[in-house]
Amino acid sequence: MITTELVFVRHGEARCNVDGRVGGPATCTGLTHLGYLQVQRAAAQLAAEHRGQPFTALYAGPRLRLQQSAHILGHALGLEPLVEPGLDGPVHGEADGKPWHYVKTAANGGPHAHPDQPWATGSDTWNGYLQRAEAFLHDLITRHEGGRLLFAAHGETVLAAHALLLGLGPMTEAGFTVSHASVTRWQHHHNRLGQRRWMLDRHNDTAHLAALAAGATP
């Protein structure tokens, strides 16, 4: 039997992604037109699912691209997004708004390259961010035990969920691809013997974007 379920939708393509810039809280300018269409595709699929098995709550972090993604999802499902600062992405410090090429060159790699070192003045460390995000997700899951939670999420939040539920500890050199508007689903199973286990049902599912990639409109 599946008890708790977590469904993460990464935000759609954002302007900072297209521009190759760090989209921190000070400089995020939201989704591109394509980003809106991508999330609309995900929302249509999840709305059909929601009619048969409703989601308990819709959560989002505070950055603009997440707020816009959550608004699209909430409109389709009839849910009011709940904004949680704990679902925000990493703190980028002085890197906020700068080209990623410049930031990575100055830091000799991206955030994952040296996981215990800040990648800019005032930024998180990668492992420090993961620890904070994992702690928040753990508390949120405990609070909603037995529910179905939907997230408009950063890719980093999906990675934090994997690190938490797979028990990975500090991040290794391996990682996970998280595409724009992809769907990732975790399910907590409770079997007849009373045993409980988290199962990754799907990761980075982009099947709902196939028609869009082929040039179709919603």
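The values are calculated or read from the model by the stated rules, or taken from the named source; none is laboratory data. As the structure is a computational prediction, the values presented were derived from the model and not from experiment. For neighbour counting, all protein chains shown are included, and Cβ atoms are generated from backbone atoms with ideal geometry for every residue, glycine included. Areas reflect the complete protein model, heavy atoms only, side chains present, ligands, DNA and RNA absent. Shrake-Rupley method; radii C 1.70, N 1.55, O 1.52, S 1.80 Å.
Tabulated data for the structure shown
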{"item": "Potential extension, Ala135-Ala57 segment - 0.36 nm per residue separation minus Cα distance", "result": "26.2 nm"}
{"item": "Probe 1.4 Å, accessible area per residue of the chain, Å²", "result": "48 Å²"}
{"item": "Spacing of the two label points (7 Å from each Cα toward its C-beta) at His75 and Asn108, in nm", "result": "4.8 nm"}
{"item": "Environment charge of Arg132, counting only residues whose C-beta is closer than 10 Å and scoring Lys/Arg +1, Asp/Glu -1", "result": "-3"}
{"item": "Net charge of Cβ neighbours under 14 Å - reference Gly169; Lys, Arg +1; Asp, Glu -1", "result": "-3"}
{"item": "Rg ratio (alpha-carbon, reference 2.2 N^0.38 Å) - region 21-117", "result": "1.30"}
{"item": "The chain, accessible surface, carbon-and-sulfur percent (1.4 angstrom probe)", "result": "53 percent"}
{"item": "The chain: calculated mean residue ellipticity at 222 nm from DSSP helix runs of at least 4, using -39500 (n - 2.57)", "result": "-11000 deg cm²/dmol"}
{"item": "Rounded FRET efficiency, nearest 0.05, which uses the C-beta distance separating Arg143 from His189 and R0 of 25 Å", "result": "0.80"}
{"item": "Sum of side-chain charges, Glu49 neighbourhood, beta-carbon under 13 Å (Lys, Arg +1; Asp, Glu -1)", "result": "+1"}
{"item": "Cα-only Debye scattering, the chain: base-10 log of I(q)/I(0) at q = 0.15 Å⁻¹", "result": "-0.98"}
{"item": "Extension gain from Ala47 to Ala26, taking 0.36 nm per residue of separation minus the Cα-Cα distance", "result": "4.4 nm"}
